[in-house]
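Following: one structure in structure tokens, then a few remarks.
The values are calculated or read from the model by the stated rules, or taken from the named source; none is laboratory data. None of these values were measured; they are calculated from a predicted model. Cβ placement follows ideal geometry from the backbone for every residue including glycine, while neighbour counts extend to all protein chains displayed. Accessible surface is based on the protein model in full, side chains and every heavy atom, while ligands, DNA and RNA are left aside. Shrake-Rupley method; radii C 1.70, N 1.55, O 1.52, S 1.80 Å.
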Amino acid sequence: MNKFSSKIPSLSRRKFIIDSAAVGGGLAVGFNLPIGRAADAKNTLRGNEVNAWVVVKPDSSCVIRVARSEMGQGTHTGLVQLVAEELECDWKKLSIDQVTAGENLARKRVWGEMGTGGSRGIRISQDYVRRGGAVARVMLLQAAAEQWKVPVEELSVAKGVITHATSKRSTTYGKVAAAAAKLTPPDPKSIKLKDPKDWKIAGKPVLRLDTADKLNGSKLYSIDLKLPGMLHAAIRQCPVFGGKLSSFDEAKIAGMPGVKRAVKVNDSAVAVVADTWWRAKKALDALPIVWDEGAGTAESSATIAERLKGGLTASDEPFAGWQVGDALKAIGGAAKKIDAVYSTPFLAHATMEPMNCTARVSAERVEVWGPTQNAEASLAAASEESGLPLGKAEVYKLDLGGGFGRRGGTQDYTRQAVAIAKQFPGVPIKLVWSREEDMQHDFYRPISMCKLSAGLDETGKLQGLHIRISGQSINAFLNPAVIKEGRDMRQVQGMYKDPGDAQFAYTVPNLLIEYAMRNSHVPVGPWRGVNTNQNGVYLECFIEEVARAAGTDSLEFRRALLHDHPKHLGVLNAAAEKADWGKPLPPGVHRGIAQFMGYGSYSAAVAEVSVSAKGELKVHRMVLALNCGHAVNPQQIAMQVEGSVAFGLTATLYGELTVGNGRIQQSNFHDYAIMRLAEMPKVETVIVPTYDFWGGVGEPTICVVAPAVLNAIFAATGKPVRSLPLKNVKLV
Amino acid sequence: MARLNINGKLRDVQVEPDTPLLWVIREQVGLTGTKYGCGVAQCGACSVHINGEVMRSCAIPVGNVKATDRIVTIEGLSATSSHPVQKAWAALDVPQCGYCQSGQIMAAAALLKKNPKPTDKDIDEAMTNICRCGTYQRIRAAVHTAAGRKEA
Ligand code: FES
Ligand code: FES
């Protein structure tokens, strides 16, 4: 039982009544919601909106609103835990309601930003969603106090039941919700949030709220959507990036079963629209298409590699980066010098649910149903592509069958669906990409190389370190305006000077970190963990080489350099301890260790591997330690860590896309392999939250997976691995 | 035109015989729990049972399926999500995005029918579906749970 003593300070409030009228006139209510929300929306209306985050129904069950996207990472459950913790409702009686981008716009972004990427879903919204729950609780208690004419300080609440102990009276949230909704809410900032050590719902390993319909086929993903009168579209984009559509011969597919039309989609794609997707795809396969492939055809993996190599040694250009002392001089004069060049390839997201989007466009409205990590970006894309103002656009997001960064800022699939639907006014068009399109038209993890040099003194102490990264820039492709004078700091993610987000933690007296931008025509974008992935490999594998050259234990060498960064050191120690670093292993099994930082969280890993005489690798066990500041749901965090191991190991073992004649040469899972269950090591997660910051969870640990494994291989074979994926490397 | 026995019901569908069973199930029959992931028998998202065997429906032309073949999709595995595999999946919170899980559950159910107490090695060999979210560790544990024993 918790007691709250809150007077309600006055603050002008836009009443829900007014809002809902405005909403009804413009956006969210009053048009067809043929999915999920239709039923929910009715229930919601039967309840009382206490504030934007909380709707209470007469039976005291609570509807918690969420704005961020759910793509498997558990953000919805985590956010609801945080709201419910402050709300003091009954965890067994609540449901989730997803707000739409149009509703958010109409209510002046009362739910904040909707974008879900960069492992921000919880850490950036935690403060305002907890205050949202707390404000609702204060209002519900105030309503009961006014009804009973007792001071609110004398009330207590648990699981949605309000009690006045002195007079032995009790009531429920459901009974006072209508009165509470009419009160003026307190200033959210005036409310003291609970200390995490008093949490009863947050911080606990509760089961996810969104599992049941994933077990029986009833969960509706965007790709499963059915709307009355809907037609289906299959798309083909110019295989060479930057190329254009010249022509297509529609007559050749006329009369094929179910086919309606073939249409141009913007400049570089053609779609066939039919009564089912399979018929559309079959006709598309039969459609003669002529492309103007453009200048990109001259590009190949070899030309791109040459360009990157140039960046490793270039001298007279602006580099992004930072320095301490004079690294080149220190290395030049060192007793022992170590040099290495590393490289990592382009990677595809390959979300399990392929790209898809449904759109309906009329002269008056554009509506989009899609799997989006950023409903507001989808709204903007729908509005722009349709030519209709934002106020005439709406986006219904459905939970994603995987996101990994593919469906956030890059709204290509949304634009295409709208561009096709525009040519069929009033008809809902569901666009589904084949896996082949998905593989060949991604925004790939950027390709890069890294040249590293280090200098040790006679005692084996690191005196100088020079890191030169050369490769593609995500910002150059997606957000060129943020690049100043050719310098893009984002590509050195994980090696930043400043604390807080992705800080370089080794104290080296002479340090030089540089990034040389070398772009190609291949589109690049954020991919789970983004630049921490390859940068983690570069730094942590090279530090391993340096530690071995110094003749020092891998853990001790790192420890000695981390004395100024206790949080980095903390996770390193936690992983080492859990993995029994230094203790004997079964014959043939070897350990590797790594630490790195991204997304405001600190990660470390220890891998145990063996390499057979034939060079076959087996990863037996991985221990990962994570300090994400606050742990909202330890079980969900462990699941994300396990997932990051699978994602990271897939990249380490198999991930590689190559370029020939300007196009991606892989097309499906037969030549872009994904790790299977048999290869999954035993993963142990150690969560060591320090509760003095809020860090991310979905991405941080992936960057230590590859380096820990590669360092264990080094221990097993005595040879460093400097280029990924391992399928191309002879280990012995 | 094809006659199919899906989840115990006979259905007549108007469709070209070279259409993959997956798309007939999803589009003509309207059961969307069976998923498209690759279309080339690589990922297992489209797994269904045909006469008790787990099969990748994206690679089976509907013309090869007879009306006497018993097709079971995820929707027909149990009426109330009460199959031991579904219960184990719920208890261990296996799914992340969930997109691959229909196929994973169908593969696990077929495995347990043949081999009620699979070893880790049996699970390695039978459970070859792709999960991009990386739920493999929990899938393994849940198969053991569904088999009624602790993880081997
Ligand atoms: S969709 Fe059938 S195996 Fe991938
Ligand atoms: S749970 Fe997302 S692909 Fe398996």
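Per the listing B:103, B:76, B:63, B:148, the residue uniquely touching a residue at least 60 places away in the same chain (Cβ under 8 Å), more than 16 Å from ligand 2 (Cβ to nearest atom), of a type outside the set (Asp, Glu) and surrounded by 17 or more Cβ atoms within 10 Å (Cβ to Cβ) is B:76. Within the option set A:388, A:400, being within 16 Å of ligand 2 (Cβ to nearest atom), in a loop (DSSP other than H, G, I, E, B) and among the aliphatic types (A, V, I, L, M) holds for one residue only, A:400. Do any residues in the range A:668-689 that are within 27 Å of residue A:580 (Cα to Cα) have Cβ atoms under 6 Å from those of residues that are of a type in the set (Asp, Glu), where the two are at least six apart or on different chains, and which pairs are they? Every condition considered, the pairs that remain are A:678/B:124; A:683/A:642.
Contact map, the range A:191-211: first residue more than 13 Å from chain B (Cβ to nearest Cβ) and within 15 Å of residue A:90 (Cα to Cα), second residue modelled with pLDDT of 95 or more and buried (at least 19 other Cβ atoms within 10 Å of the Cβ), Cβ cut-off under 6 Å, separation 6 or more or different chains; pairs are A:199/A:85; A:201/A:81; A:201/A:84; A:201/A:85; A:202/A:81; A:202/A:82; A:202/A:85; A:202/A:632. Filtering the range A:676-696 down to residues that are within 8 Å of chain B (Cβ to nearest Cβ) and assigned to a loop (DSSP other than H, G, I, E, B), which residue is nearest to residue A:609 (Cα to Cα)? Only one residue fits best here, namely A:680. Considering (1) touching a Cys at 6+ places or on another chain (Cβ under 9 Å); (2) open to solvent by 20 Å² or more (accessible area, probe 1.4 Å); (3) in a strand (DSSP E or B), the lone condition that residue A:342 does not fulfil carries the number (2). Within the range B:53-78, the only residue that satisfies the criterion of being within 9 Å of ligand 1 (Cβ to nearest atom) and of a type in the set (Ser, Thr, Tyr) is B:57.
Looking only at residues of the range A:100-155 that are part of a loop (DSSP other than H, G, I, E, B) and over 20 Å from the mean Cα position of the chain (by Cα), we find that the one that is farthest from residue A:89 (Cα to Cα) is A:108. Of the strands (runs of 3 or more DSSP E) entirely within the range A:557-666, those holding at least 3 residues that are within 14 Å of chain B (Cβ to nearest Cβ) and of a type outside the set (Val, Ile, Thr) occupy A:617-627. Only a single criterion out of (1) open to solvent by 20 Å² or more (accessible area, probe 1.4 Å); (2) assigned to a helix (DSSP H, G or I); (3) within 13 Å of chain A (Cβ to nearest Cβ); (4) of a type in the set (Gly, Ala, Ser) is not satisfied by residue B:88, namely (1). Just give me the residues in the range B:24-52 being surrounded by fewer than 24 Cβ atoms within 10 Å (Cβ to Cβ), within 14 Å of the chain's Cα centre (by Cα) and either within 13 Å of ligand 1 (Cβ to nearest atom) or without any contact (Cβ under 8 Å) to a residue 24 or more places away in the chain (or both), in sequence order. Selection gives B:32, B:41, B:42, B:50, B:51. Of all residues being assigned to a helix (DSSP H, G or I) and more than 9 Å from chain A (Cβ to nearest Cβ) in the range B:37-75, which is farthest from residue B:105 (Cα to Cα)? Just the residue, please. Within the range B:37-75, the match that is farthest from residue B:105 (Cα to Cα) is B:63.
Within the set B:117, B:121, the sole residue that is over 15 Å from the mean Cα position of the chain (by Cα), within 12 Å of another protein chain (Cβ to nearest Cβ) and more than 16 Å from ligand 1 (Cβ to nearest atom) turns out to be B:121. Being of a type in the set (Asp, Glu), more than 15 Å from ligand 2 (Cβ to nearest atom), in contact with a helix residue (DSSP H, G or I) (Cβ under 8 Å, 6 or more places away or on another chain) and at pLDDT below 95, is that true of even one residue in the range B:120-136? No, that holds for no residue. Of all the residues in the range B:131-145, those that are at the interface with another protein chain (Cβ under 8 Å from one of its Cβ atoms) and either surrounded by fewer than 24 Cβ atoms within 10 Å (Cβ to Cβ) or in a helix (DSSP H, G or I) (or both) number 5.
Looking at A:220, A:215, A:193, just one residue is within 16 Å of ligand 2 (Cβ to nearest atom), surrounded by fewer than 21 Cβ atoms within 10 Å (Cβ to Cβ) and within 30 Å of residue A:637 (Cβ to Cβ), and that residue is A:220.
If you filter the range A:482-536 down to residues that are surrounded by fewer than 22 Cβ atoms within 10 Å (Cβ to Cβ) and touching a Pro at 6+ places or on another chain (Cβ under 8 Å), you find that the one that is nearest to residue A:557 (Cα to Cα) is A:487.
Name the single residue that is surrounded by the most Cβ atoms within 10 Å (Cβ to Cβ) among those in the range A:420-470 being under 30 Å from residue B:44 (Cβ atoms) and of a type in the set (D, E, K, R). Within the range A:420-470, the match that is surrounded by the most Cβ atoms within 10 Å (Cβ to Cβ) is A:445. Being outside the structural domain of residue A:635 (by TED's automatic domain parsing), under 30 Å from residue A:404 (Cα atoms) and open to solvent by less than 20 Å² (accessible area, probe 1.4 Å) is a condition met by at least one residue of the range A:131-143.
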